[in-house]
1. Hey, does region 1113-1124 have a residue that's open to solvent by 10 Å² or more (accessible area, probe 1.4 Å), in contact (Cβ under 8 Å) with a residue 12 or more places away in the chain and either in a loop (DSSP other than H, G, I, E, B) or of a type in the set (D, E, K, R) (or both)?
2. Taking region 180-210, which residues are open to solvent by 30 Å² or more (accessible area, probe 1.4 Å), without any contact (Cβ under 8 Å) to a residue 60 or more places away in the chain and under 36 Å from the mean Cα position of the chain (by Cα)?
3. Among the residues of region 2-24, is any over 15 Å from residue 523 (Cβ atoms), touching a residue at least 40 places away in the same chain (Cβ under 8 Å), in contact with an Asp or Glu (Cβ under 6 Å, 6 or more places away or on another chain) and open to solvent by 10 Å² or more (accessible area, probe 1.4 Å)?
4. Please pick out the residue among 217, 223 that is closer than 29 Å to residue 608 by Cβ, at pLDDT 90 or above, surrounded by fewer than 18 Cβ atoms within 10 Å (Cβ to Cβ) and within 41 Å of the chain's Cα centre (by Cα).
5. Looking for something within 25 Å of residue 1088 (Cβ to Cβ) and outside any strand (DSSP E or B) - is there at least one such residue anywhere in region 376-391?
6. For residues in region 1068-1097 being in contact with a helix residue (DSSP H, G or I) (Cβ under 8 Å, 6 or more places away or on another chain), open to solvent by 10 Å² or more (accessible area, probe 1.4 Å) and not acidic (Asp, Glu), which is nearest to residue 1150 (Cα to Cα)?
7. Check whether at least one residue in region 1171-1191 is open to solvent by 10 Å² or more (accessible area, probe 1.4 Å), closer than 30 Å to residue 587 by Cβ and not in a helix (DSSP H, G or I), and report yes or no.
8. Applying the selection to region 815-872, what residues are open to solvent by less than 40 Å² (accessible area, probe 1.4 Å) and of a type in the set (Lys, Arg)?
Amino acid sequence: TKLGCAEGGCGACTVMVSKYHPHQNRIIHYAVNACLAPLCSLHHCAVTTVEGIGSVASKLHPVQERIAKAHGSQCGFCTPGIVMSMYALLRNSPQPSMHDIQEAFQGNLCRCTGYRPILEGYRSFTKSGCQDSSTLPVQKLYDQSEFMPLDPTQEIIFPPELMVKQPQRELRFAGERVLWIQPCSLEELLELKATYPNAKLVVGNTEVGIEMKFKNLLYPVILAPAYIPELNIIQNTQDGIQVGASVTLTVLGDVLRAAVKKLPAHQTEVFKAVLEQLRWFAGQQIRNVAVCHVPEDSEIKCFMYVSGLVNYWEKRVIEMDGKFFPGYRKTILKPEEILLSIEIPYTRKYFSAFKQSPRKEDDIAIVTCGMNVFFKEQSNIVQSIRISYGGMAPVTVLATATCNRLLNRQWNEELLEEACTSLAEEMSLSPSAPGGMVTYRRTLTISLFYKFFLNVQHKLSLDLLKEGVTVEDVRPEYATATELFQLDSPSSVQLYQAVPPGYSDDVVGQPIMHLSALKQATGEAIYCDDIPCYENELHLALVTSTKAHALIKSIDTSDAMAVPGVVAFISAKDIPGSNMTGPVVTCVGHIVGAIVADTQAHAQRAAKAVKISYEELQPVIVTIQVCIYSTFICAHHSKWNHLAMHQRFCEMHIGGQEQFYLETNCTLAVPRGEDGEMELFVSTQSASKTQALVAKALGVSANRVVCRVKRMGGGFGGKESRSTILSTVVAVAAHTVKRPVRCMLDRDEDMLVTGGRHPFFGHYKVGYMNNGRVMALEVTLYSNAGNSLDLSLSVSRALFHMDNSYNIPNIRGTGYVCKTNLPSNSAFRGFGGPQGMMIAESWMSDVALSCGLPAEEVRRMNMYKEGDFTPFSQRLDNFTIDRCWEECMQLSDFNKRKDAVEQYNRQHRWTKRGLSIIPTKFGISFTAVFLNQAGALVLVYSDGSVLLTHGGTEMGQGLHTKMVQVASKTLGIPCSKIHITETSTNTVPNTSPTAASASSDLNGMAIYNACQTLLQRLQPYKDKNPKGCWEDWVSITAYFDRVHLSANGFYKTPDLGYDFETNSGRPFNYFSYGVAVSEVEIDCLTGSHKNLHTSIVMDVGKSLNPALDIGQVEGGFMQGLGLFTLEELRYSPDGYLYTRGPGMYKIPAFGDIPIELKAVGEPPLFLAASVFYAIKDAITAARAESNLTGPFRLDSPATPERIRNACEDKFTKLCPPADPGTFIPWAVQV
């Protein structure tokens, strides 16, 4: 069981809780987030973790086996949580539907796999199993017939001693600062609330746990009323369903679904609306414990529930109307009162509720609304109407003025126009409003009302028709605006080049399972923080700057040192070696010092108590634009008057991206007590760089420091250089206190201090002919580096990819690295390449729109051909992108699909579909030439077993598995005889980072070199005994003949090197080529989109392991999907990062994968740009409805906000944005 975010947003910590429920009179099993579940709340409960259901050492559970064998575990850090979500589902439903499985995973995130193999592996538990509907010849990546059957009768039994009907006495747990009380009766609860009026009532801890962890709030007394019978009541009343305040959202959903099936449709409109909201509210783990009375949840509080409140003297019933919430997170409850129950009313027919969020699954709403209207008998005249919104103010607001204007009006277009105009006036927001997205939120209030208007218009016309009254129905092309979002079950096909017949013994090219997959699925795989604690070990917590640019005047640690268990405060004066920073902090999150204490909790508490006095400095530069203006750098374009062509100037901004590896940065430093030796266990992609920088900080030579890396729970470039900022601090602390010191960053700390992918701003001038042929291009790229250079110069890879796959006769590119007061940005998958290619596709899209030509024709016309030269003078040999293009067109059935898209768009006004095909050319090699080297050490023991060590690190990509395959083939022995323990600087020195898509090439060749050396030494013994086996040659002959049975291997990529001055040389060893087709559907009223189809074709040569490479296909594609359509880092104008966890920063979830996915090969992340440009294609169709044609700017990511704002129509015109410079925005585009 792992810790991924500590806020219930990623599911890595999922466990199953089982308990006897006295009010349901049965044993219930449900998944929960361990990070939020208080230990005190588990009295009389059984907790099952991933380690408890099976192990490699004993017996696997089918849930563990299937995710591993289906290749659904890469880095493995999320795997235990996913396994337990599935296990809990199977305990309740041994043969679930795919809908059940998708719903169970709404609270789980994975950054590696792309989700498809997980869903496909677990599809085998459904009644239909893994049915393949594809007509294509498909090679299987695994054999489903090998799966163990699921036998529900063999599951762990619930402990009989926990079959307790109800707690018979009050329970109290006293901690250092908090008293937890679990009363057993309503009377006890009321007495306690009277005694402790400010006590918090906690059932699921889904809100209080967040407040105490991240808002530094302390609640000295917590009351836990989960078992009180009166708070668990569920009963039908004359007016609705009464639900006790401790009833969980999951149980509430079950009750409402049963009511919808049983009761007449006209009574259950509110029930259906609540169910629709619950469907997208949080994840299953949260819904299993969260209760329905929580007033803070904006998705729930738009509904007009009737609430029952009770105190020690009286019971009162009030309506949950506009007065129920007098302020932000405040209700009209008195301090001594508690909420006893709520009543969800029956309704007449015309009720709707909507929620719009950045991501559909498990997301916080941007705007929600609940709307209800009543009509006079046999008419469409409004008798009463209520419209309420969440997300437009600190509390739920009623559009009272608008509702009053609509009374006694006919439900028609005139009413709609009046309502929209009134809502635009009434639902106003300050341009500086918290949460930002002001124009979008205002537009949503109108768009969502319009959806309600259409919904009511359709139902009303049908109802009145039955009574002989005719009113206008919804136009057919408007109908999709009223449809609810449906999450379809995904289907997929994976094609790869199979090993030819007769070569079945060749392990290279076989889809072998990740060698650690089974251990990862059982929780037995050891990550850095899983290493058992040393006897005298201490824990470290960082102290970071709260200012973006300031001089540190003083640091007061007196309060911090008074916290129990605190041992030391570590600061710059404790560094025995090199220190090149301070006393000026240059970003929010700049590490100022660290607290060392006996526990992590004490260290973190003390770190928050450190008081730092600052003198703020100017300027504070956060954005690229401010950096450009403050340093007077700008794009200077040449005059092209002599060229007879059209010219276009444009700009594009590409947002940054957080790596969001599931395992945050972690270091354990162990001083060895002599000669300055230090041993480090680190989650890093760069063991040698960690070794070197720690040695420098400690003032010792590198040979005194050993860095070990077993595996990482994801890296993606984020642990190439930025992991060292933690490792050096922990090492200095361990050196200072002379004891082992450990630190694993919390998610919010990690996101704050480590930076991410560079935001880019591109300014370009493109010249083209009428037929779409691009003749000239001048592009200027600016990257936001943050407060240090770090690896930003290597992001010059963007310039090497500014052409993407297009041959431009006249081209010039200029790049600038912008220093800002943000945490230093660093490497991330693609390393500048995706940003450069994204700008290229932007000007290519502009050319197609300007010429009025199909984009696919313009792209195809401008593509390179075999033997062409790039702008950096490298010849394109073995150029296969044209073949990839044709194969992808055929695989996706592009022309037929395009006709269908065009027909759909003619028939639908408020939903549009888009289609795009995008090529890519990605250079493989480090652009820093010296890094293109690798070493290996192969040890053969006298029993014939082989220990393999190389310079690469395992972060889920399966590098160790591939290296074992290479050694297996070279030595001619089974993979079972070969083992890799770890990556360590005392076995292979001076290793390059595991990055740049080059690690398999470099380390594989180094291993091949070492194995060839060994084979040469063994050859005489093989010649003497040709019928012998490996053990005969090694154990019986070579060893006794004193043959050296270990060998070093080394490899450097030949003929590399590029000179910017002369524009000559070879920056890349070769290129990988690929093409992707994507189809999407957008909701023009909300900006939401669905990924309908993606086909990917990539030429990667001969795959070492198709299963792992296809995993990289889909995982990389989904990361690109996040980069270009979803993930948005949001900073304040002062440089404070708002998005510091999964609550506000949304990576793609299970529901975001394309409904239909076909993949061939291993593409870089960039091919997800096909989704972005499919969205742009759909927006183009929407804009045409408003007579808007030609190019338009769409920045990345294409979030719902940007999509909706780009689909300009009569509603957006009612909500114009405020003029820039007239206000201070809540967030800025960095």
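The values are calculated or read from the model by the stated rules, or taken from the named source; none is laboratory data. It should be emphasised that the depicted structure is a prediction, and the values quoted were computed from it without experimental measurement. Positions of Cβ are generated from backbone atoms using ideal geometry, with glycine treated the same way; all protein chains shown enter the neighbour counts. Note: areas computed on protein heavy atoms with side chains; ligands, DNA, RNA excluded. Shrake-Rupley method; radii C 1.70, N 1.55, O 1.52, S 1.80 Å.
1. Within region 1113-1124 (the criterion being open to solvent by 10 Å² or more (accessible area, probe 1.4 Å), in contact (Cβ under 8 Å) with a residue 12 or more places away in the chain and either in a loop (DSSP other than H, G, I, E, B) or of a type in the set (D, E, K, R) (or both)), the answer is no, since none of the residues qualifies.
2. The answer is 200, and nothing else.
3. Yes, that holds for at least one residue.
4. Values: 223 fails: surrounded by fewer than 18 Cβ atoms within 10 Å (Cβ to Cβ).
Within the list 217, 223, the selection yields 217.
5. Yes, region 376-391 contains a residue that is within 25 Å of residue 1088 (Cβ to Cβ) and outside any strand (DSSP E or B).
6. Ranking the qualifying residues of region 1068-1097, first place goes to 1091.
7. There is no residue in region 1171-1191 that is open to solvent by 10 Å² or more (accessible area, probe 1.4 Å), closer than 30 Å to residue 587 by Cβ and not in a helix (DSSP H, G or I).
8. If the condition is that a residue be open to solvent by less than 40 Å² (accessible area, probe 1.4 Å) and of a type in the set (Lys, Arg), then 859 is the only one that fits.
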